[in-house]
1. Say whether the condition of being open to solvent by less than 10 Å² (accessible area, probe 1.4 Å), within 16 Å of LEU204 (Cβ to Cβ) and either in contact (Cβ under 8 Å) with a residue 40 or more places away in the chain or small (Gly, Ala, Ser) (or both) is met by at least one residue in the stretch 107-128.
2. Restricting the search to the stretch 57-83, which residues are outside any helix (DSSP H, G or I), open to solvent by less than 10 Å² (accessible area, probe 1.4 Å) and either out of contact with any Pro (no Cβ under 9 Å at 6 or more places or on another chain) or more than 16 Å from the ligand (Cβ to nearest atom) (or both)?
3. If you go through the stretch 233-256 one residue at a time, do you hit one that is within 16 Å of the ligand (Cβ to nearest atom), in contact with an Asp or Glu (Cβ under 8 Å, 6 or more places away or on another chain) and touching a residue at least 60 places away in the same chain (Cβ under 8 Å)?
4. (1) within 14 Å of the ligand (Cβ to nearest atom); (2) of a type outside the set (A, V, I, L, M); (3) in contact (Cβ under 8 Å) with a residue 60 or more places away in the chain: which one isn't true of HIS173, the others all being true?
5. Being open to solvent by less than 10 Å² (accessible area, probe 1.4 Å) and among the hydroxyl-bearing types (Ser, Thr, Tyr) is the filter; apply it to the stretch 195-218 and report the residue that is farthest from GLY272 (Cα to Cα).
6. Tell me which residues, restricted to the stretch 191-212, are within 11 Å of the ligand (Cβ to nearest atom) and not in a loop (DSSP other than H, G, I, E, B).
7. Only one of SER108, SER86, SER94 is polar (S, T, N, Q), within 15 Å of ALA237 (Cα to Cα) and within 16 Å of the ligand (Cβ to nearest atom); which?
8. Given the criterion touching a residue at least 40 places away in the same chain (Cβ under 8 Å), more than 16 Å from the ligand (Cβ to nearest atom), in the same structural domain as LEU297 (by the TED database) and of a type in the set (Lys, Arg), identify the matching residue among ARG103, ARG8.
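The values are calculated or read from the model by the stated rules, or taken from the named source; none is laboratory data. Please read these numbers as outputs of a predicted model, since none were measured by experiment. Note that we place each Cβ from the backbone using ideal geometry, even for glycine, and neighbour counts take in every protein chain shown. These accessible areas exclude ligands, DNA and RNA; they are computed on the full protein's heavy atoms, side chains included. Shrake-Rupley method; radii C 1.70, N 1.55, O 1.52, S 1.80 Å.
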Amino acid sequence: MTDFSQSRAAFDLPEGVIYLDGNSLGPLPRSAAERVSRMMTQEWGRLLIRGWNEAGWYVQPRRVGDRIAPLIGAEPGSVVMGDTLSIKVFQALSAAAQMRPERRVILSDSGNFPSDLYVAQELVAALERGVDGSADRGLELRIVAPEEVEAAIDDSIAVTLLTEVDYRTGRLHDMAALTANAHAAGALTIWDLAHSAGALPVHLAEAGADFAVGCTYKYLNGGPGAPAFIYVAPRHAETARPALAGWMGHAAPFAFDPHWAPASGIERMRVGTPPVLALTALEAALDIWEGVSMDALRQESIRLSEAFIAAVGARLPGLPLASPRDPERRGSQVSFRHPDAYAIVQALIAQGVIGDFRAPDIMRFGFTPLYLTLAETERAADLLAEVVLTEAWNQPEYRIRAQVT
Ligand SMILES: *Cc1c(COP(=O)(O)O)cnc(C)c1O
């Protein structure tokens, strides 16, 4: 059984704060500052350029990828780190679309995160405008409601681009079933694991997923702007072409060949120089996952989110739950709707309970067993009820919209 009091002690959480936003930005691992500082002074400071070889900076994207792999049920050597999630979506989508040249349709759903949809829209638009010089390969982005994805998978689909856990509602797609459906129809799958990695057990290899992408600053606690990961199923690793290619994904980067030739396997998904400082902070965060059972984490996450829903429901029976009521059908977050959601979240933050707001009317709360307790969860539900019942949120200062909500 995983000891969550031990993992909690590994984080530097501010006194008096109940943190229900680890789904957006994980907290600071205690060891991260020291680790990054040591890297800066001893590696960067002393080794200078030699650090790429002597401190293993060059191989760090693969080394860290190999530590992410077990958390998402991926084969060793199938994950590499770098760039941001949006960029990894572009690479996965371009690669997958090229692997189904006879098909035109990218299938996504209206619950997907805007950045994923923007990447797809502008890839479609760029090909339409003939940026690739051919202009005869039209792609189409088809967006259906999340509940309609299964029915929309047919033999026109080249690739499905789906986020497993909906960022607003927490609704969980059935990855194994949809992947099987896509394959039966001859389509490829891209799974965005932004709200899955570190939140629930993921079994990419077992599900037969083709591509997956995710970020590491949410449930994996890598810090603001921590690099993304990309997974390519080993059976595709020697054929996938990322379209967004760079010298570090070249077969021989230091040959400085003017023509791109893909590196073998997952390395080809590297683009440019990796963010070594950020990867170092992430490595410290990943230490905390050693020995954590994803099944135990999932159980505890369900216990916390169920307790929260029950406590909020008992005090605020009229507050609509935006998340699926069945815990097996949601990720590790719970959302409620309220017309004054933004102000309520601000008032709650003023009381030390940090959640967040997603337009137009969602209050979102993440449940992260690594550092969140049942007592805190119950206290947060009490404070939410108090803020709503007393209308403590109804103050002008809670209505001022910050740049980041
Ligand atoms: C958080 C999130 C992103 C963010 O992408 P970045 O490039 O890291 O800013 C993209 N997609 C989904 C589904 C997300 O939840």
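1. Among the residues of the stretch 107-128, not one is open to solvent by less than 10 Å² (accessible area, probe 1.4 Å), within 16 Å of LEU204 (Cβ to Cβ) and either in contact (Cβ under 8 Å) with a residue 40 or more places away in the chain or small (Gly, Ala, Ser) (or both), which makes the answer no.
2. Step one: of the stretch 57-83, the residues outside any helix (DSSP H, G or I) are 57-59, 73-83.
So of that shortlist, the ones also open to solvent by less than 10 Å² (accessible area, probe 1.4 Å) come out as 78-82.
Passing the criteria: SER78, VAL79.
3. Here is the first cut: in the stretch 233-256, the ones within 16 Å of the ligand (Cβ to nearest atom) are 242, 244.
If we keep only those that are in contact with an Asp or Glu (Cβ under 8 Å, 6 or more places away or on another chain) as well, we get none.
No, the stretch 233-256 has no match at all.
4. Every listed condition holds for HIS173 apart from (3).
5. Taking the candidates together, the pick is SER196.
6. Those that are within 11 Å of the ligand (Cβ to nearest atom) and not in a loop (DSSP other than H, G, I, E, B): TRP191, ASP192.
7. Values: SER108 fails: within 15 Å of ALA237 (Cα to Cα); SER86 fails: within 15 Å of ALA237 (Cα to Cα).
Checking each option against the conditions leaves just SER94.
8. Being touching a residue at least 40 places away in the same chain (Cβ under 8 Å), more than 16 Å from the ligand (Cβ to nearest atom), in the same structural domain as LEU297 (by the TED database) and of a type in the set (Lys, Arg) holds for just one of ARG103, ARG8, which is ARG8.
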